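J.: For reference, the structure I am asking about is given below.
The values are calculated or read from the model by the stated rules, or taken from the named source; none is laboratory data. Just so we're clear, the structure is a prediction, and the values are computed from it rather than from any experiment. Every residue, glycine among them, receives a Cβ derived from its backbone with ideal geometry; neighbour counts consider all protein chains shown. With ligands, DNA and RNA removed, areas are computed over all heavy atoms of the protein, side chains included. Shrake-Rupley method; radii C 1.70, N 1.55, O 1.52, S 1.80 Å.
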Amino acid sequence: IFDVANNRLGSGLVIADMKRTTWSETKPVPVQLNMHVPKAVIVLTQTEYGQWVAKREEHPLDRPLMELFAFRPTGIKPFGQTRITKTVRNISDEVVRTLQNMAISSAFYAHPQKYLMGLTEEQYDNMVESKWKLTIDAMLLGTRDEDGNLPVFGQLPAVSPQPYIEIIRSYAALFSGSTGVPLNSLGIVQDNPSSAEAIAAAREDICIAAQDLIESNSVSLRNVALMAMAVAEDKTIEELSDHQKTVMAHFKDPSMPSIVSQADAMVKIAAADQEFAGTSVFYEQMGFDEPTRRRIMTDKQEQRAKQAVTALMASKKVNANGDDSTQAAG
């Protein structure tokens, strides 16, 4: 249940466990429900068929231990909007119907319908009684009729599956326009390879949708982290330290830039801000994985420590070669 006043979930019921029981030996049924309300989680356990036992677990937060992850929520639809819209469902149904028709058409294309004309009555009766003579390993024999005409054997022209392929391409384009999924991701191969700029432009819509989801989910993930720290320390969120409140979620760029372009951008930023160069974020954006970043930072710390020791030893050596007052001061 959504709490409009506080713009968050007000309460919720979760099926926490399902299994087969003595009263339901074939089908798993819910045996534990968790009801989340402010300041408590009420654990409902089914001990017998239709008999439940409730246990109240207190927590320090004045909100339920639930967080909403929604795609483009609005005031009317706080739980977000589905990405499988009615248009997407209709297009999917049309594609399935087209594939079924194409399968039927391909069967007729591989085995076109045949016909025989000019048969005598005896030949016609024999063909009707033994229709399996038209199998692929059989030979069809016929004689002239009373007028000396030979039977005419032919087959009906089959419809090519190519029109169905073009229809599926059209549906794929409609699906791409409705969802933002590029045509290449739908298995539609273009005759001419797309350039890098064209591929990036085709992915722009879906990257925008992903960025919208990241923005809302970042807030939700931060709330989950704050609630976890508060429950672990038996505090309210307001009682957490300022350092704990700085927690945030981090996502990769949905546009997924190449390592070369990303590294070039980081070098240009480091040239403008020299303090940024050499930081962990700098190496992360350069494309190094976490173990490599740790090794780099560890090696840099060792180098700084060696330089500090070397400078200290040189300072002591200078002081040792000076006058007595300098040595006394040293």
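J.: From the residues Ala201, Leu119, Ile1, which one has its Cα farthest along the dipole of the chain in the positive direction, the dipole being from +1 and -1 charges on Cβ of Lys/Arg and Asp/Glu about the Cα centre?
T.: The Cα lying farthest towards the positive end belongs to Ile1.
J.: Using square roots of five times the C-alpha gyration tensor eigenvalues, list the equivalent-ellipsoid semi-axes of segment 53-160 in whole Å, biggest first.
T.: Ellipsoid half-lengths, sorted descending, are 72, 18, 10 Å.
J.: Report, largest value first, the span of the C-alpha coordinates of the chain along each principal axis, in whole Å.
T.: Sorted largest first, the three principal extents are 142, 69, 40 Å.
J.: With +1 on each Lys and Arg Cβ and -1 on each Asp and Glu Cβ, how big is the dipole of the chain about its Cα centre, in debye rounded to the nearest 20?
T.: Roughly 920 debye, rounded to the nearest 20.
J.: State, as an integer percentage, the relative contact order of the chain based on alpha-carbon contacts under 8 Å between residues 6 or more apart.
T.: 11 percent
J.: Can I ask one more? Provide the packing ranking of 7-15, 74-82, i.e. peptides ordered by the mean count of other C-beta atoms within 10 Å per residue, highest first.
T.: The most tightly packed comes first, giving 7-15, 74-82.
J.: Using only DSSP helix segments of four residues or longer, with each worth -39500 (n - 2.57), what per-residue ellipticity at 222 nm results for the chain after dividing by its residue count and rounding to 500?
T.: After summing the helix terms and dividing by the residues of the chain, the value is -14500 deg cm²/dmol.
J.: Okay, next question. Where nothing but the Cβ of Lys and Arg (+1) and of Asp and Glu (-1) is charged, how large is the charge dipole of segment 20-160 around its Cα centre, in debye to the nearest 20?
T.: My answer is approximately 1380 debye.
J.: Return the sequence-ordered ³J(HN,Hα) values of segment 100-112 in whole Hz as given by the Karplus equation 6.51 cos²θ - 1.76 cosθ + 1.60 applied to θ = phi - 60°, using x for Gly and Pro.
T.: Per residue, the Karplus-derived 3J(HN,Hα) values read 5, 5, 5, 5, 5, 5, 5, 5, 5, 5, 6, 10, x Hz.
J.: What residues have an amide H closer than 5 Å to that of Ala40, excluding those fewer than 5 places away on the same chain, when H is modeled at 1.01 Å from N in the peptide plane?
T.: Residues meeting the criterion, in which the H sits 1.01 Å from N, are His59.
J.: When the Karplus curve 6.51 cos²θ - 1.76 cosθ + 1.60 is applied with θ = phi - 60°, which whole-Hz ³J(HN,Hα) does each residue of segment 82-89 get, with x for Gly and Pro?
T.: Ordered by residue, 3J(HN,Hα) equals 6, 7, 9, 6, 4, 4, 5, 5 Hz.
J.: Something else about it: Working only with C-alpha atoms, what are the Rg and Dmax values of segment 1-108, expressed in angstrom?
T.: Taking only Cα atoms of segment 1-108, I get Rg and Dmax of 22.0, 71 Å.
J.: Rank these residues by their accessible area, most exposed first, probe 1.4 Å: Tyr115, Tyr283.
T.: Descending order: Tyr115, Tyr283.
J.: A further question follows. Rounded to the nearest 10 Å², what accessible area does Arg20 show when all protein chains are kept and the probe is 1.4 Å?
T.: 150 Å²
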